[in-house]
Amino acid sequence: MTEYVDAIAQFYQTHLPGGRLEKNILTADCPFCSQKGGTPAGKIVVFLNGNGFFYGYFRCLNRCLPGGFPLWFARNAGISPTQVPGFDPDREPFLLQTDYPARNMNAEIKTYQDRMMPEILARFQQADVSFAVLQEMGIGFNGRYIVYPYIQADGNCYSARCIFPDKAGDFFWHGDESLFVDRLQLFNVQDIERCENGTLFLCEGEDNLLTLKQLGFPGIAVPDCQVLEALDPNRFAFIDTLFVAMVNNAESEAAARAVAARIGYKVRLFDWPRGMSRNFNLWQLARDKGKNFRSAVSSMIGASRAFSPFASPEREEIRFFDRLAQEKGEEYGALRSGFAKLDLALDGIHGINVLGGAPKIGKSSFMIQIATEMARRGAPVLYYDFENGRQRIYQRTLARMSRLSAERIRQRDWSAPEEQRYTLACQEFKKMLFSFRVVNDRKLTPEIMRRHIDFIRHETRSSYTVVVIDSLHKLPFKDLSERRSGIDGWLRQLESIRDDMQVSFLVISELTRGDEGSYKETPHMGIFKGSGDIEYSADNAMVLFPDWDQMGGTRERSNALWLVASREHSPGLVGRYILDYPYWGFIERDGEAQD
């Protein structure tokens, strides 16, 4: 970079003999004024601050020609581009796919310039825009509307935007209709070529650009932010830095971010200070600041942010330590299953936790118990149910909380202790429902899930959310024939939601049958059904393994819970879980699983 900076300085000093370098500004007699018939010759200034955005930018103080960077200087001075530092002979110029009309309106634009009236000049002088700038930009007046000529890259004007003074909404396009399309609505478009290997401004609104041209900056303008969507990013392929200065409103900011995402790293966005009124712009800033407008723009240049798809290092630091602090709080502490051995094995419910098991052994009841107990402690829980139905989930929850079977609840012939338990359970159930939502939407999408999470997090004022999916293999897919890829796609989405929104997942999965058609195979990652991606996506993969004879007698229904894979914890037996029938809950027990 240092060699390039020195080479640019040497280039200008060689071709501007007699120039004087002071405070990183080279001043010399303008070699172009005589070509334009200017007498006496003006001065040309070249900015040579190696740390500045406009290094190598030149302009004539007489405005005999528009300013630009070294390649533009060489073209006007008749110097071969091969002598210009940074010239790339393999560069292919941007070719606009359009046929210009046979007739232009250059002469008509000149007549509008000649009609400029004192009251219109006074309007521009309010923002310190001089008559010289208006002449340079070809601004005219048709007797009622100010005429802004949209000169194309070939140097001719085929269309113009006519705006009633100080009524931006009262305008019309004049000229050839084929040139009215959004992609051609670039005011002063020729500055793109003049700023090759340099810096350019992109403004919203012609008048806002005029204030920058008055300061000597190069730039182009769009009539409104909606045009940005039609801009071809390739137009700015040879621009090193593009400052985007929009009007102060949400629509313009969103459009600026969208175009910056398409153009990339070279874009720097102007941020308006907090407290500025809606639709505040450079024109108003120039009127308010007067002679201090230049320093205000310089401050905005210095404070501008390079557009980046990444968060700033400062933001990353703040986010990291904020999350560390949150993990010490009550919300984070509520993310526990309520089963001591399970919480010890997993250090709480975090990340994506997948639970597999044979059919009808109680996976749903196990998850319902964990989910409702977390909700009772204040953790917001979304339960996506494709198995049991809302009524059954609520009924089993109330049975567990009241210690009354579903049949006893329906009979309502209770003893006094039972009625008291039921009354207290109903109160607790009502309170729990604020944090516990059951969703049976068969058209669920990741986008809808994100909206659900946003809603419940906002409603409960919580930083965390628990999402239960019962079950993974019954999530909606566009095409049932692509079930495997659909499951993998959902797992990718769950990973993204986990990371973006601080969500803990509890996901029920089906298992494949063993060689003998049973589910008694020793638990391992390979027995999860339908997706090889579970082993990559799950932070914890568990299997609820029956250690009771499902076909024999009324023996105690005991299941062993195995942690078969984990990113951070040691696999192995977690504990035994006894079905507390008929209350649809589980009791955690110590000891090894039965044979």
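The values are calculated or read from the model by the stated rules, or taken from the named source; none is laboratory data. No experiment lies behind these values; they were computed from the predicted model shown. Neighbour counts run over all protein chains shown; Cβ positions are idealised from the backbone, glycine included.
Residue 138: small (Gly, Ala, Ser), touching a Pro at 6+ places or on another chain (Cβ under 8 Å) and within 25 Å of residue 216 (Cβ to Cβ), yes or no? Steps first, answer last, please.
Working: small (Gly, Ala, Ser): yes; touching a Pro at 6+ places or on another chain (Cβ under 8 Å): yes; within 25 Å of residue 216 (Cβ to Cβ): yes.
Spelling it out, residue 138 is indeed small (Gly, Ala, Ser), touching a Pro at 6+ places or on another chain (Cβ under 8 Å) and within 25 Å of residue 216 (Cβ to Cβ).
One line per residue, one yes/no per condition, for (1) surrounded by fewer than 16 Cβ atoms within 10 Å (Cβ to Cβ); (2) in contact with an Asp or Glu (Cβ under 9 Å, 6 or more places away or on another chain):
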| site | (1), (2) |
| --- | --- |
| 383 | no, yes |
| 410 | yes, no |
| 438 | no, yes |
| 448 | yes, yes |
| 462 | no, yes |
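Go through (1) exposed (fewer than 11 other Cβ atoms within 10 Å of the Cβ); (2) in contact (Cβ under 8 Å) with a residue 24 or more places away in the chain and name the single condition residue 272 misses.
So residue 272 meets the others, but not (1).
Just give me the residues in the stretch 380-400 being at pLDDT 95 or above and among the hydrophobic types (A, V, I, L, M, F, W, C), in sequence order.
Hits for the stretch 380-400 are 381, 382, 393, 398, 399.
Kindly indicate whether residue 291 is loosely packed, with under 12 Cβ neighbours inside 10 Å and not in a loop (DSSP other than H, G, I, E, B). Walk me through it before giving the result.
Values: loosely packed, with under 12 Cβ neighbours inside 10 Å: yes; not in a loop (DSSP other than H, G, I, E, B): yes.
For residue 291, the condition - loosely packed, with under 12 Cβ neighbours inside 10 Å and not in a loop (DSSP other than H, G, I, E, B) - is met.
One line per residue, one yes/no per condition, for (1) surrounded by fewer than 18 Cβ atoms within 10 Å (Cβ to Cβ); (2) in contact (Cβ under 8 Å) with a residue 40 or more places away in the chain:
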{"position": "44", "(1), (2)": "no, no"}
{"position": "73", "(1), (2)": "no, yes"}
{"position": "81", "(1), (2)": "yes, no"}
{"position": "106", "(1), (2)": "yes, yes"}
{"position": "114", "(1), (2)": "yes, no"}
{"position": "119", "(1), (2)": "yes, no"}
{"position": "127", "(1), (2)": "no, yes"}
{"position": "148", "(1), (2)": "no, yes"}
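Name the helices (runs of 4 or more DSSP H) wholly inside the stretch 330-446 in which the number of residues that are within 42 Å of the chain's Cα centre (by Cα) is 2 or more. Show your work before the answer.
Numbers: elements: 330-333, 340-346, 363-376, 390-402, 406-411, 416-432.
Correct list: 330-333, 340-346, 363-376, 390-402, 416-432.
Looking only at the stretch 9-29, decide whether some residue is closer than 15 Å to residue 194 by Cβ, in a loop (DSSP other than H, G, I, E, B) and either of a type in the set (A, V, I, L, M, F, W, C) or assigned by TED's automatic domain parsing to the domain that holds residue 174 (or both). Spell out how you get there, then give the answer.
Step one: of the stretch 9-29, the residues closer than 15 Å to residue 194 by Cβ are none.
No - not one qualifying residue is present in the stretch 9-29.
List the pairs whose first member sits in the stretch 578-590 and is among the β-branched types (Val, Ile, Thr), whose second member is part of a loop (DSSP other than H, G, I, E, B) and at pLDDT below 95, and whose Cβ atoms are under 9 Å apart, counting only residues at least 6 apart or on separate chains?
From the stretch 578-590, the pairs are 578/556; 578/557.
Do we have residue 230 as more than 18 Å from residue 124 (Cα to Cα), touching a Gly at 6+ places or on another chain (Cβ under 7 Å) and in the same structural domain as residue 281 (by TED's automatic domain parsing) here? Show your work before the answer.
Numbers: more than 18 Å from residue 124 (Cα to Cα): yes; touching a Gly at 6+ places or on another chain (Cβ under 7 Å): no; in the same structural domain as residue 281 (by TED's automatic domain parsing): yes.
Answer is no for this residue.
When residue 44 is evaluated against the numbered criteria (1) of a type in the set (A, V, I, L, M, F, W, C); (2) touching a Leu at 6+ places or on another chain (Cβ under 6 Å); (3) not in a loop (DSSP other than H, G, I, E, B), which criterion, by number, is the only one it fails?
The one condition residue 44 does not meet is (2).
Do any strands (runs of 3 or more DSSP E) entirely within the stretch 113-200 hold 2 or more residues that are of a type in the set (Gly, Ala, Ser), and if so, which?
On the way: elements: 146-151, 157-164, 167-175.
Qualifying strands (runs of 3 or more DSSP E): 157-164, 167-175.
If you check 278, 336, which single one turns out to be buried (at least 20 other Cβ atoms within 10 Å of the Cβ), charged (D, E, K, R), in contact (Cβ under 8 Å) with a residue 24 or more places away in the chain and over 30 Å from residue 198 (Cβ atoms)? Please lay out each step first, then the result.
On the way: 278 fails: buried (at least 20 other Cβ atoms within 10 Å of the Cβ).
Being buried (at least 20 other Cβ atoms within 10 Å of the Cβ), charged (D, E, K, R), in contact (Cβ under 8 Å) with a residue 24 or more places away in the chain and over 30 Å from residue 198 (Cβ atoms) holds for just one of 278, 336, which is 336.
Restricting attention to the stretch 204-211, does a residue exist that is of a type outside the set (D, E, K, R) and either assigned to a strand (DSSP E or B) or surrounded by fewer than 20 Cβ atoms within 10 Å (Cβ to Cβ) (or both)?
Within the stretch 204-211, the subset of a type outside the set (D, E, K, R) is 205, 208-211.
Subsequent filtering for residues that are either assigned to a strand (DSSP E or B) or surrounded by fewer than 20 Cβ atoms within 10 Å (Cβ to Cβ) (or both) retains none.
No, the stretch 204-211 has no match at all.
Is it the case that some residue within the stretch 571-581 is part of a strand (DSSP E or B), touching a Pro at 6+ places or on another chain (Cβ under 6 Å) and at pLDDT 90 or above? Step through it out loud before you land on a result.
At the first step, the residues of the stretch 571-581 found to be part of a strand (DSSP E or B) are 572-580.
Pick out the ones that are also touching a Pro at 6+ places or on another chain (Cβ under 6 Å) and you get none.
Within the stretch 571-581 (the criterion being part of a strand (DSSP E or B), touching a Pro at 6+ places or on another chain (Cβ under 6 Å) and at pLDDT 90 or above), the answer is no, since none of the residues qualifies.
Can you find a residue in the stretch 307-320 that is surrounded by 13 or more Cβ atoms within 10 Å (Cβ to Cβ) and under 18 Å from the mean Cα position of the chain (by Cα)?
Looking only at the stretch 307-320, we keep the residues that are surrounded by 13 or more Cβ atoms within 10 Å (Cβ to Cβ), and these are 307.
Checking the rest, the ones that are also under 18 Å from the mean Cα position of the chain (by Cα) come to 307.
Within the stretch 307-320 (the criterion being surrounded by 13 or more Cβ atoms within 10 Å (Cβ to Cβ) and under 18 Å from the mean Cα position of the chain (by Cα)), the answer is yes, since at least one residue qualifies.
Might you check whether a residue that is of a type in the set (A, V, I, L, M, F, W, C), part of a helix (DSSP H, G or I) and assigned by TED's automatic domain parsing to the domain that holds residue 295 occurs anywhere in the stretch 215-226? Outline the logic, then answer.
Filtering the stretch 215-226 for residues of a type in the set (A, V, I, L, M, F, W, C) gives 215, 217, 220-222, 225.
Applying the additional criterion that residues be part of a helix (DSSP H, G or I) yields 215, 225.
Filter once more, so that each one left must be assigned by TED's automatic domain parsing to the domain that holds residue 295: 215, 225.
Scanning the stretch 215-226, I find at least one residue that is of a type in the set (A, V, I, L, M, F, W, C), part of a helix (DSSP H, G or I) and assigned by TED's automatic domain parsing to the domain that holds residue 295, so the answer is yes.
Would you mind finding the one in 40, 93, 101 that is over 30 Å from residue 130 (Cα atoms), loosely packed, with under 13 Cβ neighbours inside 10 Å and at pLDDT below 95? Full working, then the answer.
Numbers: 40 fails: over 30 Å from residue 130 (Cα atoms); 101 fails: loosely packed, with under 13 Cβ neighbours inside 10 Å.
Answer to the check: 93.
Considering each residue of the stretch 511-542, count those that are surrounded by fewer than 18 Cβ atoms within 10 Å (Cβ to Cβ) and either modelled with pLDDT of 85 or more or outside the structural domain of residue 359 (by TED's automatic domain parsing) (or both), and give that number. Before you say what the answer is, go through the steps one by one.
From the stretch 511-542, those surrounded by fewer than 18 Cβ atoms within 10 Å (Cβ to Cβ) are 512-518, 520-522, 524-526, 529-530, 532, 535-536; that's our starting set.
From the residues that got through so far, the ones that are either modelled with pLDDT of 85 or more or outside the structural domain of residue 359 (by TED's automatic domain parsing) (or both) too are 536.
Within the stretch 511-542, residues that are surrounded by fewer than 18 Cβ atoms within 10 Å (Cβ to Cβ) and either modelled with pLDDT of 85 or more or outside the structural domain of residue 359 (by TED's automatic domain parsing) (or both) number 1.
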